[in-house]
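Worksheet: the structure to be examined is printed underneath.
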Amino acid sequence: MKIKQYALCVVAALVTVAQQAGAEGVRMYGAGEVPQANEVADILSGGKTMHKPKMKMRGISLDSAAEASKPKVSVDVDSVAQSSNTVVGLPVEFAFGSADILPKNRPQLDAVAEGIKQTQGITVVVEGHTDAHGRPSYNDYLSRMRAKAVKDYLVSRHGIDPNLLVVEGRGSASPINTADPFAPENRRVQLRAAN
């Protein structure tokens, strides 16, 4: 009985941490971190895709020998952490002051394309974001051109229907790092399902 109570406390703590970490609902990937297509599909479709990702189980067990014979309680930490994510964020890098996607970002975009294909026709908004360097009007324009570059890549390279991709430029209005609007992580592309 104590194991079940302990497991419930752990699950509650994990849900709280996941909600705090994903307060904005953004699953932000790091530079060079390639998302799983199934994960992208689940985030964009709200978990309604045909192909569910394989569950990664993390065991919680007590070390005592007496407890070894009791059943172990497992918690899917990854799905708890993903549960509040509704947006895929990528630190897509571009040449300075341009909308040219750097080749090192293509694996991330390729994985996102595969995820979009699994969403069965959901319209996806491609948002471009900049940091606060430069004039706001230029950042709005640049973020829109960068989002368009991502859309063009997904359409030309992966055959995604262009009618399913909507481009938006957000400029520097919605930083991930609110403490430092000039931080590099604020330069990103986000994808979400259209409302």
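Tell me yes or no: at least one residue of the range 95-105 is in contact (Cβ under 8 Å) with a residue 60 or more places away in the chain and closer than 20 Å to Val34 by Cβ. Yes, the range 95-105 contains at least one residue that is in contact (Cβ under 8 Å) with a residue 60 or more places away in the chain and closer than 20 Å to Val34 by Cβ.
Would you confirm whether or not the range 173-190 contains a residue that is of a type outside the set (A, V, I, L, M, F, W, C), in a strand (DSSP E or B) and touching a strand residue (DSSP E or B) at 6+ places or on another chain (Cβ under 8 Å)?
From the range 173-190, those of a type outside the set (A, V, I, L, M, F, W, C) are 174-175, 177-178, 180-181, 184-188, 190; that's our starting set.
Cutting the leftovers down to in a strand (DSSP E or B) gives us 188, 190.
Now drop any that are not touching a strand residue (DSSP E or B) at 6+ places or on another chain (Cβ under 8 Å), which leaves 188, 190.
Yes: the range 173-190 contains one or more residues that are of a type outside the set (A, V, I, L, M, F, W, C), in a strand (DSSP E or B) and touching a strand residue (DSSP E or B) at 6+ places or on another chain (Cβ under 8 Å).
Filtered by the rule that a residue be surrounded by 15 or more Cβ atoms within 10 Å (Cβ to Cβ) and either in a helix (DSSP H, G or I) or at pLDDT below 95 (or both), the range 147-167 gives Ala147, Lys148, Ala149, Val150, Lys151, Asp152, Tyr153, Leu154, Val155, Leu164.
Inside the range 118-146, can you point out the residues that are among the polar types (S, T, N, Q), in a loop (DSSP other than H, G, I, E, B) and on the phi < 0 side of the Ramachandran plot? Matches in the range 118-146: Gln118, Thr119, Thr123, Thr130. Only one of the numbered conditions (1) polar (S, T, N, Q); (2) on the phi < 0 side of the Ramachandran plot; (3) out of contact with any strand residue (DSSP E or B) (no Cβ under 6 Å at 6 or more places or on another chain); (4) in contact (Cβ under 8 Å) with a residue 60 or more places away in the chain is not met by Asn163, and that is (4). Counting only residues that are surrounded by 13 or more Cβ atoms within 10 Å (Cβ to Cβ) and within 18 Å of Gly30 (Cβ to Cβ), the range 95-131 holds 12 of them.
Checking each residue of the range 168-180 against the condition of being surrounded by fewer than 14 Cβ atoms within 10 Å (Cβ to Cβ), modelled with pLDDT of 95 or more and among the small types (Gly, Ala, Ser) gives at least one match.
Here Ile43 fulfils each of the conditions (1) touching a strand residue (DSSP E or B) at 6+ places or on another chain (Cβ under 8 Å); (2) assigned to a helix (DSSP H, G or I); (3) at pLDDT 95 or above; (4) not acidic (Asp, Glu) apart from (3).
The values are calculated or read from the model by the stated rules, or taken from the named source; none is laboratory data. Source: prediction; values computed, not measured. Cβ sites come from the backbone with ideal geometry, for glycine too, and all protein chains shown count toward neighbours.
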